[in-house]
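Inspection log for the structure reproduced underneath, given as structure tokens.
The values are calculated or read from the model by the stated rules, or taken from the named source; none is laboratory data. If you're wondering where the values come from, they're calculated on a predicted model, not measured in any experiment. Cβ: placed from backbone, ideal geometry, glycine included. Neighbour counts: every protein chain shown.
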Amino acid sequence: MTGQTSRRSFLGWARNALAATGVLGAASGAADAAPAQTAEGVDYYDKLGVTKIINAAGTYTALTASIMPPSVQAAVALAAKNPVKLAELQQKSGEYLARRLKCEAALICSGAASALTLGTAACMTVGNRQSVSLLPQQVSGLKHEVIVQKAHRYGYDHALTNCGVRFVEVETLEQYESAFNERTAMCHFFNAAEGGQISREDWIRVAHQHGVPCFNDAAADVPPISNLWAYTQMGFDLVTFSGGKGIRGPQNAGLLLGRKDLIEAAGWSNSPRDETVGRGMKVAKEQIVGMVAAIDWLLDQSDDSMQAEFLRRANRIASHLKDVPTLTHEIFVPPVANAIPHLLLRYDQARVGKAPLEVAQALRTGSPSIEVNPSTGRKSGSAGLPNAENAIVVGVWMLQPGEDMIVARRLREVLTKAV
Ligand SMILES: *Cc1c(COP(=O)(O)O)cnc(C)c1O
């Protein structure tokens, strides 16, 4: 990254922050406002009248997940300037990531959900390339059963059933051991599942006794950084991580890591190959490069310094709210997914006069628009977060420099004013 780039991105950030605090006037949101034409190009959010938000929620897909660090943004912009051969880019980026992430092989997919589809397709078709075009409708002659713990069924099941598989549910180790047959294609594990009696080690051991590959979905489970190799080294044959969550790569990128023959077979079903389940899961050259650059960026960070920065943000916000009547705060780190400090704010609603969901709504419709964590005011939120029926939950990790204080001031305003 050149000094000029970093200066420009700083200026861009400073402009947004000033506009956000009202210093530059409220240009954003007005559809007919003349878009800013800068050296970096036209601001299409302004041109389209799309509201820019402060993300005090987390890496939620619907909130466009993360912001790529400046070095990743610069790599994406550079990649856009040259055509290359897609197959060569896919192959070399995969080899590079496999080396850096200490696994046999890697494939950049259009997200963890697409990695789940391509990895499942790989387990069904490995050793039989001609069979990829049979998915998803003519799979009866192929291995097409996926064993899963009942408590690991989740919203991403569709990414697997898109290949035409059917699930075989088990609960106990005994049931698991007797669930295998000649149709078993894969054993699936949801890394952040809150239930399930069978450990990762047992899951892998029994699958391998039957010669069946094991897939671990760890999409949201970075940090810690070492998770990027912990699960492949534990013995999972395939592991996926979302590229646009804690890794802070492009939102439509993800990693499929694991055994060489399976990664190769996953590629058979991937775009740009027609007549495959993955043809619609295209990853552009900019995103492939951005994914690699994000891993380079992440491996230069340390868990300790990232966690310390997140804690500082949480504490800065909490101390700005010290004198809000009855308010107490707690810092909570979920155990597996999104394992970073979240700030939970509790208070006497009768005294303050507003429920957490009303506070969230006031922040959303205010200027700048702030999104707090969606588990705010809810019994069960995202994986691993506690009951927050009576709490405001602030996810601090996706805040950009300076935004923690904007969030703190807005929270204080909303919690202390009778509006
Ligand atoms: C976010 C997530 C996914 C999907 O990831 P994308 O990169 O958005 O496709 C899959 N599984 C789990 C557990 C997730 O949290």
Among the residues in the stretch 113-124, are any over 22 Å from the mean Cα position of the chain (by Cα), farther than 19 Å from N270 by Cα and touching a residue at least 24 places away in the same chain (Cβ under 8 Å)?
no
Do any helices (runs of 4 or more DSSP H) lying entirely in the stretch 37-104 carry at least 1 residues that are acidic (D, E), and which ones are they?
44-48, 86-100
Please count how many residues of the stretch 172-203 are under 13 Å from H152 (Cβ atoms) and of a type in the set (D, E, K, R).
2
When the stretch 366-405 is checked residue by residue, the ones that are surrounded by 19 or more Cβ atoms within 10 Å (Cβ to Cβ) and more than 20 Å from the chain's Cα centre (by Cα) are P368, G377, A388, A391, I392, E403, D404
Is there a residue being within 16 Å of the ligand (Cβ to nearest atom) and of a type outside the set (G, A, S) anywhere in the stretch 269-280?
yes
Of all residues being part of a helix (DSSP H, G or I) and among the aliphatic types (A, V, I, L, M) in the stretch 157-191, which is nearest to the ligand (Cβ to nearest atom)? Just the residue, please.
A159
Of everything in the stretch 134-159, what is of a type in the set (A, V, I, L, M) and under 22 Å from D274 (Cα atoms)? Give them in sequence order.
L134, L135, V139, L142, A159
How many residues, within the stretch 151-166, are surrounded by fewer than 17 Cβ atoms within 10 Å (Cβ to Cβ) and more than 25 Å from the chain's Cα centre (by Cα)?
1
Output the residues belonging to the stretch 268-286 that are in contact with a Gly (Cβ under 8 Å, 6 or more places away or on another chain) and not in a loop (DSSP other than H, G, I, E, B).
N270
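Hey, any hits in the stretch 252-266 for a residue that's part of a loop (DSSP other than H, G, I, E, B) and within 12 Å of L118 (Cβ to Cβ)?
The answer is no; no qualifying residue exists.
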Of everything in the stretch 213-229, what is farther than 20 Å from D261 by Cα and assigned to a helix (DSSP H, G or I)? Give them in sequence order.
N227
Within the stretch 61-99, can you find the residues that are among the hydrophobic types (A, V, I, L, M, F, W, C), closer than 17 Å to Q251 by Cα and within 23 Å of the chain's Cα centre (by Cα)?
A62, L63, A65, I67, M68, V72, A74, A75, V76, A77, A79
With criteria (1) over 24 Å from the mean Cα position of the chain (by Cα); (2) surrounded by fewer than 17 Cβ atoms within 10 Å (Cβ to Cβ); (3) assigned by TED's automatic domain parsing to the domain that holds Y231, D348 comes up short on (3)
Selection over the stretch 192-212 where residues are touching a residue at least 24 places away in the same chain (Cβ under 8 Å) and either touching a Leu at 6+ places or on another chain (Cβ under 9 Å) or part of a loop (DSSP other than H, G, I, E, B) (or both) yields a count of 11
Can you pull out the residues in the stretch 355-377 that are of a type in the set (S, T, Y) and part of a loop (DSSP other than H, G, I, E, B)?
S367, S375, T376
Taking the residues in the stretch 137-156 that are within 16 Å of the ligand (Cβ to nearest atom) and hydroxyl-bearing (S, T, Y) as candidates, determine which candidate is nearest to R200 (Cα to Cα).
Y154
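Being out of contact with any helix residue (DSSP H, G or I) (no Cβ under 6 Å at 6 or more places or on another chain), at positive phi and not assigned by TED's automatic domain parsing to the domain that holds P223: is that true of G384 here?
yes
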Looking at (1) within 15 Å of H210 (Cβ to Cβ); (2) in contact with a His (Cβ under 8 Å, 6 or more places away or on another chain); (3) not aromatic (F, W, Y), which one does H152 not meet, given that it meets all the others?
(1)
Log entry, pairs with first residue in the stretch 369-385 being touching a residue at least 24 places away in the same chain (Cβ under 8 Å), second being in a loop (DSSP other than H, G, I, E, B) and away from the ligand (no atom under 15 Å from the Cβ), beta carbons closer than 6 Å, six or more apart or on different chains, reads S369/T51
How many of the residues making up the stretch 57-82 are free of Cβ contacts under 8 Å to residues at least 24 places away in the same chain and either aromatic (F, W, Y) or within 16 Å of the ligand (Cβ to nearest atom) (or both)?
1
Within the stretch 107-126, the residues that are within 15 Å of the ligand (Cβ to nearest atom) and either in a strand (DSSP E or B) or farther than 20 Å from Y154 by Cβ (or both) are L107, I108, C109
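So if I check each of L228, L257, L238, L262, which one is away from the ligand (no atom under 16 Å from the Cβ) and of a type outside the set (G, A, S)? Working first, answer last.
Values: L228 fails: away from the ligand (no atom under 16 Å from the Cβ); L257 fails: away from the ligand (no atom under 16 Å from the Cβ); L238 fails: away from the ligand (no atom under 16 Å from the Cβ).
Answer to the check: L262.
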